[in-house]
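Here the structure is laid out as structure tokens; the discussion comes afterwards.
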Amino acid sequence: MSELTDLTATQLLDGYRKGEFGPVEVTRAALRRAEEIQPQVNAFVRLLADDALERAAASEERWRRGEQRGPLDGVPVTVKDILLLRGAPTLKGSRTIDPAGRRDEDAPSVARLRERGAVFLGKTTTPEFGWKGVTDSPLSGVTRNPHDPTRTAGGSSGGAAAAVALGAGPLALGTDGGGSVRIPAAFCGIFALKPTYGRVPLYPASAFGTLAHVGPMTRDAADAALLMDAIAAPDSRDWSGLAPAPGSFTEGLAGG
């Protein structure tokens with residue numbers, strides 16, 4: 001069997017269904033990999049190990065009872081440090097944001113994943129306020145390319161791309177204004193999608209206005225479709241959000 005950290009979300013879910021391994025084992029492996037790669041690439045602002053293992057244990061019990069919350073239950077996910085994640089500060093790569101400030105609400109995409117039982121490994125690096133195509137900031141330093149640490153991982157979702165490429169969670173939430181999921185995906189050799197504006201709700205509103213989108217960052221298109229099926233759900237906090245998608249992104253893969 002492959003290393004657990006080499007498996008896609010689709011493969012992990014297949015393993016959960018077959019009882020070959022469980023969310024706790026997978027989450028421990030992903031956290032170990034995150035700690036191993038951090039000195040090399042600096043992909044994370046912070047890891048949330050205790051919370052991740054608690055959510056993984058709850059997921060494992062749901063799988064044992066056959067009461068899983070959906071197709072992402074127990075799958076490790078990372079969240080770019082532009083998006084709100086309840087229980088953790090969102091510092092946006094900047095020293096101007098108070099670390100003791102707001103941490104009581106999830107962004108819409110994060111909330112949809114929480115509802116579906118996903119396991120949050122941690123927050124990934126971003127340049128200050130996500131404003132450029134490489135990932136370095138006064139707060140967290142330089143994020144490096146997983147294939148060649150002398151080069152950049154791209155940006156602004158560089159930490160998310162490096163984490164996915166090196167097995168620290170198969171799924172990541174990034175944001176994209178002028179290429180911020182697409183550039184690091186290309187530089188790091190993973191898959192990313194900038195969805196149609198409003199397809200994935202965003203809150204709070206971005207300073208970049210209608211340029212700003214939330215998008216999946218994964219190893220392949222199947223995982224991106226799986227993630228889109230979860231996060232492309234309406235949220236009343238986004239004034240510009242679209243109506244529900246007309247069908248399943250995963251089922252749509254069969255049509256080419």
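The values are calculated or read from the model by the stated rules, or taken from the named source; none is laboratory data. In this text, all values refer to a predicted model and were calculated from it rather than measured experimentally. Please note: Cβ atoms are built from the backbone with ideal geometry, for glycine as well, and neighbour counts cover all protein chains shown.
Would you confirm whether or not the stretch 245-254 contains a residue that is touching a strand residue (DSSP E or B) at 6+ places or on another chain (Cβ under 6 Å) and either part of a strand (DSSP E or B) or at pLDDT 95 or above (or both)?
Initial filter on the stretch 245-254 (touching a strand residue (DSSP E or B) at 6+ places or on another chain (Cβ under 6 Å)): none.
Scanning the stretch 245-254, I find no residue that is touching a strand residue (DSSP E or B) at 6+ places or on another chain (Cβ under 6 Å) and either part of a strand (DSSP E or B) or at pLDDT 95 or above (or both), so the answer is no.
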Quiz item: Does the stretch 88-100 contain at least one residue that is part of a strand (DSSP E or B) and touching a residue at least 12 places away in the same chain (Cβ under 8 Å)?
Solution: yes
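Considering the stretch 13-24 alone, what residues qualify as being assigned to a helix (DSSP H, G or I) and either without any contact (Cβ under 8 Å) to a residue 60 or more places away in the chain or in contact with a helix residue (DSSP H, G or I) (Cβ under 6 Å, 6 or more places away or on another chain) (or both)?
Taking the stretch 13-24 first, the residues assigned to a helix (DSSP H, G or I) are 13-18, 23-24.
Within the stretch 13-24, Asp14, Gly15, Tyr16, Arg17, Lys18, Pro23, Val24 qualify.
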Practice problem: Considering (1) of a type in the set (Gly, Ala, Ser); (2) crowded, with 24+ Cβ neighbours inside 10 Å; (3) in a loop (DSSP other than H, G, I, E, B), say which one Ser236 fails and leave the rest. | Solution: (2)
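Taking Leu4, is it farther than 19 Å from Leu226 by Cα, hydrophobic (A, V, I, L, M, F, W, C) and buried (at least 17 other Cβ atoms within 10 Å of the Cβ)? Working first, answer last.
Numbers: farther than 19 Å from Leu226 by Cα: no; hydrophobic (A, V, I, L, M, F, W, C): yes; buried (at least 17 other Cβ atoms within 10 Å of the Cβ): yes.
The answer is no for Leu4.
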Quiz item: Among the residues of the stretch 66-76, is there at least one that is over 23 Å from Leu166 (Cα atoms), part of a strand (DSSP E or B) and of a type in the set (Gly, Ala, Ser)?
Solution: no
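Any idea which residue in the stretch 214-225 is surrounded by the fewest Cβ atoms within 10 Å (Cβ to Cβ), counting only those that are touching a Leu at 6+ places or on another chain (Cβ under 7 Å) and touching a residue at least 60 places away in the same chain (Cβ under 8 Å)? Reasoning before the result, please.
Initially, the stretch 214-225 is screened for residues touching a Leu at 6+ places or on another chain (Cβ under 7 Å), giving 214-216, 218, 221-225.
When the remaining residues are screened for being touching a residue at least 60 places away in the same chain (Cβ under 8 Å), the result is 214, 218, 222-223.
Numbers: Val214: 25, Thr218: 27, Ala222: 17, Asp223: 25.
So, considering only residues that are touching a Leu at 6+ places or on another chain (Cβ under 7 Å) and touching a residue at least 60 places away in the same chain (Cβ under 8 Å), the one surrounded by the fewest Cβ atoms within 10 Å (Cβ to Cβ) is Ala222.
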Quiz item: Of all residues in the stretch 85-103, how many are among the hydrophobic types (A, V, I, L, M, F, W, C) and crowded, with 21+ Cβ neighbours inside 10 Å?
Solution: 2
Practice problem: Among the residues of the stretch 56-70, count how many are in contact with a Ser or Thr (Cβ under 8 Å, 6 or more places away or on another chain) and touching a residue at least 60 places away in the same chain (Cβ under 8 Å). | Solution: 1
Quiz item: Going by the structure shown, is Thr8 touching a Leu at 6+ places or on another chain (Cβ under 7 Å), in contact (Cβ under 8 Å) with a residue 60 or more places away in the chain and of a type in the set (Ser, Thr, Tyr)?
Solution: no
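From the set of residues in the stretch 35-59 that are part of a helix (DSSP H, G or I) and touching a Gly at 6+ places or on another chain (Cβ under 7 Å), which is surrounded by the fewest Cβ atoms within 10 Å (Cβ to Cβ)? Before the answer, list the steps.
The initial filter retains those residues of the stretch 35-59 that are part of a helix (DSSP H, G or I), namely 35-41, 49-59.
Still in the list and also touching a Gly at 6+ places or on another chain (Cβ under 7 Å): 51, 56, 59.
Working: Asp51: 17, Ala56: 25, Ser59: 26.
Top of the filtered list is Asp51.
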Quiz item: Among (1) in contact with a strand residue (DSSP E or B) (Cβ under 7 Å, 6 or more places away or on another chain); (2) of a type in the set (Ser, Thr, Tyr); (3) part of a loop (DSSP other than H, G, I, E, B), where does Thr27 come up short?
Solution: (3)
